[in-house]
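Scroll down for the structure; my scribbles are underneath it.
The values are calculated or read from the model by the stated rules, or taken from the named source; none is laboratory data. Just so it is clear, the model here is predicted, and its values are computed rather than measured. Don't worry about glycine lacking a Cβ; one is built from the backbone with ideal geometry, like all the others, and counts go over all protein chains shown.
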């Protein structure tokens, strides 16, 4: 079996980390400053903070928004557990919304129905490297945190993800296009974030929440190679897309004007997951669900309130896609899509 995911760590990455280690100072410093500056340019956002953990990204933004214990954070149930973990760890109340029908975005009417004076923000994940224009969610007059789900480089009608929300979060874990092993980002054009970043740098006692230079040095190298990484992912993704057109499965969120980054490859299929796993195993290909579990399952909430989320959870599967897949691996995945799904 091939690995489901494999971070692209090459010679240049190792050299970057080695040069950092030679400096004999791994605390947040010049490498972090350079990495933050590069991300600011890539995302075209002035204020960028790079943290040691993904959780720190949300913790800092919740603090910035003045959220107090018990305040509400609106989030679709079809999202990563790490976001729910961050909300609960900050002692805030997650308010889960069902997906819109046949969509990866939360129901607009669903948000309207539950909106209360205790809501502090809306978190909308841009998942799988499939970008969406989420501008309409600003109609609720709440800050929108656009989580770009560890993917970067996708766009809608030329506008890159990261430019639709009030604030942006991103992770740098092993499943992300840019990996530093761990870490997270908070970014925005909002001046309040700029003030927060300056206060973090001035407070020596809390610099532990910032990414250290060791991890940042790996991020610099990865970001330097981003165009190459995206080109390879898109080439592979387009091969898979062609196979989907000749199969019984379908793609989601593929409206015109979108440029995908293929951080994950997901398809919607009527074939049960257990059958997909068994059949793809013959080709040495692992298969997973789009998300491990919908968030309402973690909170033991009524399934009937999340019909669209449940359908997406049952039918959306994820296949391996990363730059170091061999031609044989790619060919086997293509065969599997055409014959199994």
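A few remarks follow.
- Comparison of 244, 252, 334 shows that the only residue that is surrounded by 16 or more Cβ atoms within 10 Å (Cβ to Cβ), outside any helix (DSSP H, G or I) and touching a residue at least 24 places away in the same chain (Cβ under 8 Å) is 252.
- Test: residue in the stretch 276-290 that is within 23 Å of residue 86 (Cα to Cα) and surrounded by 14 or more Cβ atoms within 10 Å (Cβ to Cβ): yes
- Every test in (1) within 24 Å of residue 174 (Cβ to Cβ); (2) modelled with pLDDT of 95 or more is passed by residue 324 save one, and that test is (2).
- Residue within the stretch 115-122 that is within 16 Å of residue 48 (Cβ to Cβ) and either in a loop (DSSP other than H, G, I, E, B) or at pLDDT below 95 (or both) present: no
- Looking only at the stretch 187-204, and only at residues there that are in a helix (DSSP H, G or I) and in contact with a helix residue (DSSP H, G or I) (Cβ under 7 Å, 6 or more places away or on another chain), the one that is modelled with the lowest pLDDT: 200
- When residue 267 is tested against (1) more than 22 Å from residue 330 (Cβ to Cβ); (2) assigned to a strand (DSSP E or B), exactly one condition is not met: (1).
- Here 83, 75 are screened, and the one residue that is assigned to a helix (DSSP H, G or I) and buried (at least 21 other Cβ atoms within 10 Å of the Cβ) is 83.
- Some residue of the stretch 1-15 being in a loop (DSSP other than H, G, I, E, B), more than 12 Å from residue 217 (Cβ to Cβ) and either at pLDDT 95 or above or touching a strand residue (DSSP E or B) at 6+ places or on another chain (Cβ under 9 Å) (or both): yes
- Residue in the stretch 103-115 that is crowded, with 18+ Cβ neighbours inside 10 Å and under 25 Å from residue 218 (Cα atoms) present: no
- The stretch 157-181, residues that are more than 13 Å from the chain's Cα centre (by Cα), under 27 Å from residue 324 (Cα atoms) and surrounded by fewer than 22 Cβ atoms within 10 Å (Cβ to Cβ): 160, 181
- Filtered residues of the stretch 255-267 (kept if surrounded by fewer than 18 Cβ atoms within 10 Å (Cβ to Cβ) and either in contact with a helix residue (DSSP H, G or I) (Cβ under 6 Å, 6 or more places away or on another chain) or at positive phi (or both)): 257
- Of the residues in the stretch 47-67, none is over 27 Å from residue 199 (Cα atoms) and outside any helix (DSSP H, G or I).
- Matching residues in the stretch 81-112 - criterion: being free of Cβ contacts under 8 Å to residues at least 24 places away in the same chain and more than 29 Å from residue 270 (Cβ to Cβ): 88, 91
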